[in-house]
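The values are calculated or read from the model by the stated rules, or taken from the named source; none is laboratory data. Computed from a prediction, not measured in an experiment: that's the story for all the values here. Because the Cβ atoms are built from the backbone with ideal geometry, glycine has one as well, and the counts that use them run over all protein chains shown. Protein only, heavy atoms only, side chains kept; ligands, DNA and RNA dropped before computing areas. Shrake-Rupley method; radii C 1.70, N 1.55, O 1.52, S 1.80 Å.
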Amino acid sequence: METIITQSTRTAAQYIQQNELVAFPTETVYGLGANIFSESALKKIFIAKGRPSDNPLIVHIADLQQIELLAHNISEYARAFIAAFFPGALTLVLPKRKNISSIVSAGLPTIGIRMPHHPIAEKFLHECGVPIAAPSANLSGKPSPTTWQAVQYDLFGRISCILKGKQSRVGLESTVVDCTETTPLILRAGAITIDELRKIVPSIHFASKHAKANLKSPGTRYRHYSPRATIVIVDSLLDVKKENAGYIGLKEKSKTAAMQKICGSIEEYAHSLFAFFRACDQEGVSTIYCQRVDERGLGIAVMDRITRAATK
Ligand code: TXA
Ligand code: MG
């Protein structure tokens, strides 16, 4: 298949209207989009990524009115999250309308909805004119792509179009919140922190401490975000043993690591993590050491991604 790389949102939207796949930039990571009303387009996502069909897709919208097309029985607290965080790096899981294909929801009665906060994504979604189902635009299991070149590396020849943008600002995926129970549950830690969410709905908590979490969040069952190199989590550089190594952390330059990224803040750590994994793979690094960070704020999402990447 020929893959067109373009900066034109109009060209990209035309591929969507022809029920083809388009990778597009967002503030979190690049997405791989398909027309939500075309089952043939939706099926192509799972083939292009090698994604298990029981892992549901997030639907991306350009304006708030599209929510009513996709979901119903929206609770008061879900509406409060929408008012506070749309557009932004938050995905809400809501009761799905029956007419929306179960390919999107992987058979669940719910649907994940997000409104990206990114000028190119917003223009593209407007021009598509329909909600766009989009997982991250990587091969299944690989780190999410934060640049169009990373999308090209994984999916060139497998999709019709890549819409070019800059490196994703946030660098980690959205926070996924289940809004189908009496109180909200965080299914996936992400760019919006629990402290920010708690200001809107104080009763929110992490689902991982609850038995239902795995049933509610199919994505958490799979191996994720893994570069070819082995990931080792360390407290400090003193624990770095190998020479053909990469190192990413908040402090201390290494004398031995071939590739290193010292980040000035937790935001920079999140922004750089997946791009660093991919850069290390291209250099043939065999072990990537990731410095542990405090599990608060954005540190919760960073530790979640590093821990999953380290799980073989
Ligand atoms: O930032 C993001 O969320 C990016 C950009 C492209 O928007 N998208 C993304 O999609 O990370 P993906 O498919 O890689 O991850 C979606 C996660 C998965 O863990 C999936 O299981 C969960 O969201 N999810 C989607 N719909 C769901 C639903 N109805 N119920 C529970 N979890 C759902
Ligand atoms: Mg993904």
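Please go through the stretch 265-304 and pick out each residue that is more than 12 Å from Y247 (Cβ to Cβ), in contact (Cβ under 8 Å) with a residue 60 or more places away in the chain and β-branched (V, I, T).
I300, V302
Anything in the stretch 202-237 that is more than 12 Å from ligand 1 (Cβ to nearest atom), more than 17 Å from G50 (Cα to Cα), modelled with pLDDT under 65 and under 20 Å from the mean Cα position of the chain (by Cα)? List them, or say none.
Hits for the stretch 202-237: nothing passes.
Kindly establish whether A121 is among the aliphatic types (A, V, I, L, M), farther than 18 Å from A189 by Cα and surrounded by 21 or more Cβ atoms within 10 Å (Cβ to Cβ).
Answer is yes for this residue.
Could you grab me the full set of residues in the stretch 275-305 that are open to solvent by 40 Å² or more (accessible area, probe 1.4 Å) and under 18 Å from the mean Cα position of the chain (by Cα)?
none
Here are some residues: A189, A133. Which one is more than 21 Å from D304 (Cβ to Cβ) and within 15 Å of ligand 2 (Cβ to nearest atom)?
Of A189, A133, the one residue that is more than 21 Å from D304 (Cβ to Cβ) and within 15 Å of ligand 2 (Cβ to nearest atom) is A133.
Looking for whichever is surrounded by fewer than 21 Cβ atoms within 10 Å (Cβ to Cβ) and in contact (Cβ under 8 Å) with a residue 40 or more places away in the chain here; the options are R10, R79. Which one fits?
Selected residue: R10, the only one of R10, R79 that is surrounded by fewer than 21 Cβ atoms within 10 Å (Cβ to Cβ) and in contact (Cβ under 8 Å) with a residue 40 or more places away in the chain.
Would you kindly identify the helices (runs of 4 or more DSSP H) lying entirely within the stretch 1-75 that contain at least 1 residues that are aromatic (F, W, Y)?
9-17, 39-49
Go through the residues of the stretch 134-149 one by one and say whether even a single one is under 18 Å from G190 (Cα atoms) and not in a loop (DSSP other than H, G, I, E, B).
There is at least one residue in the stretch 134-149 that is under 18 Å from G190 (Cα atoms) and not in a loop (DSSP other than H, G, I, E, B).
Here are some conditions: (1) in contact (Cβ under 8 Å) with a residue 24 or more places away in the chain; (2) surrounded by fewer than 22 Cβ atoms within 10 Å (Cβ to Cβ). I132 meets all but one. Which one does it not meet?
(2)
Being hydrophobic (A, V, I, L, M, F, W, C) and either over 20 Å from E20 (Cα atoms) or away from ligand 2 (no atom under 16 Å from the Cβ) (or both) is the filter here, so list the residues in the stretch 151-186 that pass it.
F156, C161, I162, L163, V170, L172, V176, V177, C179, L185, I186
Given the structure, is I100 outside any helix (DSSP H, G or I), open to solvent by less than 20 Å² (accessible area, probe 1.4 Å) and among the hydrophobic types (A, V, I, L, M, F, W, C)?
Taking the combined requirement at face value, the residue satisfies it.
Among the residues of the stretch 30-73, write down those that are within 14 Å of ligand 1 (Cβ to nearest atom), open to solvent by 10 Å² or more (accessible area, probe 1.4 Å) and of a type in the set (V, I, T).
I58
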